[in-house]
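Notes follow the structure.
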Amino acid sequence: MRSVSIHTKFIAEVCSNHNGNLKRALKFVDFAKKYGFYAVKFQLFEIDKLFSKDAYKLFKSAQKKIKRELPRKFIPVISKYCKKKKIKFSCTPFDLSAVEYLKKYVDFFKIASYEMAWPDLLISCAQTKKPVILSTGMSNYNEVKKSYEILKKNNCKKISLLHCVSSYPANVMACNMNSIKFLKKKFNCEVGWSDHTVNNLLIYSAIKKHKANYVELHVDIDDKGWENVGGKHCWSPQKVKDLIEYLKNEKKIDGGYFKRISSDENSERKFRADPADGLRPIKSFRNKL
């Protein structure tokens, strides 16, 4: 499929739905390419470096047992496959060693909302000279400004922002989509939307009304991904297909400025009520029965 919008680039967020399987991970690249996504994005973290020891007290034992990690050895393979498929490859680093490892392979870094206020990570990403897309969930304007300035001060090649509501799934009534325009005005940079709502109309609004430069969708290829089990914030293939096809064909769906008979209606015209007696079908068709 072609790109779905002149001004909007779609990013397929795989998160942990690769299920630790390389073949499955590459299927996400195929999926993103098929539906015209600009990029496919993974996450690189080690669970023991992601959480403090005290944090484990907050989790149930069942949750702790699921690692959800992407093996580092997958990264070069995925990167090479993305180049072959001519789609951008990105990955979110969750520690400084991840930045160092990824800089050789990614087209751009995506910094997660939970790490966006960590200066060392911002500096590390900026100094690679790679473009950075920064999610802004849970952050107020001053926090976003501080993070943006850190990236800029450290000579980040290109900075983009994603408005985001860090709730899984996110309530559409809490999304405050006007933040996209606000951030564009304040920072004079590309701004998009990172979605956790799985709501077609909200995505349409982000693109058409708020002119989002990017839309990031958490995706799953079969509703069996680790992150998607029991969750409601990941887009299924059918939902992605419905969204993309509508956006792609919107002009055709709108049609021209006139009233005419649709080709799909022609066969139904003979079943209209006849003007003479008000009965269906029309008499000319009745006479042929």
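The values are calculated or read from the model by the stated rules, or taken from the named source; none is laboratory data. A quick note: this is a predicted structure, and the numbers were derived from the prediction, not measured. As a convention, Cβ positions derive from the backbone with ideal geometry for all residues, glycine included, and neighbour counts pool all protein chains shown.
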So how many residues does segment 105-115 have that are over 17 Å from Glu190 (Cα atoms) and crowded, with 24+ Cβ neighbours inside 10 Å? 1
Note: among Val229, Val215, just one is assigned by TED's automatic domain parsing to the domain that holds Lys181 and at pLDDT below 90, namely Val229
Restricting attention to segment 41-100, which residues are at pLDDT 95 or above and aromatic (Phe, Trp, Tyr)? Phe42, Phe74, Tyr81, Phe89, Phe94
Apart from one, (1) crowded, with 22+ Cβ neighbours inside 10 Å; (2) without any contact (Cβ under 8 Å) to a residue 40 or more places away in the chain all hold for Ala174; the odd one out is (1)
(1) of a type in the set (Asp, Glu); (2) touching a residue at least 24 places away in the same chain (Cβ under 8 Å); (3) part of a loop (DSSP other than H, G, I, E, B); (4) surrounded by fewer than 17 Cβ atoms within 10 Å (Cβ to Cβ) all hold for Asp274 apart from (2)
Of the residues in segment 215-269, those that are free of Cβ contacts under 8 Å to residues at least 40 places away in the same chain, of a type in the set (S, T, N, Q) and in a loop (DSSP other than H, G, I, E, B) come to Ser236, Asn249, Ser262, Ser263
Might you let me know whether segment 6-28 holds any residue that is modelled with pLDDT of 95 or more, in contact with a strand residue (DSSP E or B) (Cβ under 6 Å, 6 or more places away or on another chain), part of a helix (DSSP H, G or I) and buried (at least 21 other Cβ atoms within 10 Å of the Cβ)? yes
Working only within segment 128-144, note down all residues that are surrounded by fewer than 14 Cβ atoms within 10 Å (Cβ to Cβ) and either part of a helix (DSSP H, G or I) or not basic (Lys, Arg) (or both). Asn140, Tyr141, Asn142, Glu143
Right, Glu216: surrounded by 22 or more Cβ atoms within 10 Å (Cβ to Cβ), among the acidic types (Asp, Glu) and out of contact with any Lys or Arg (no Cβ under 6 Å at 6 or more places or on another chain) or not? yes
Within segment 132-175, the residues that are under 19 Å from Ile207 (Cβ atoms) and among the hydrophobic types (A, V, I, L, M, F, W, C) are Ile133, Leu161, Leu162, Cys164, Val165, Ala170, Val172, Cys175
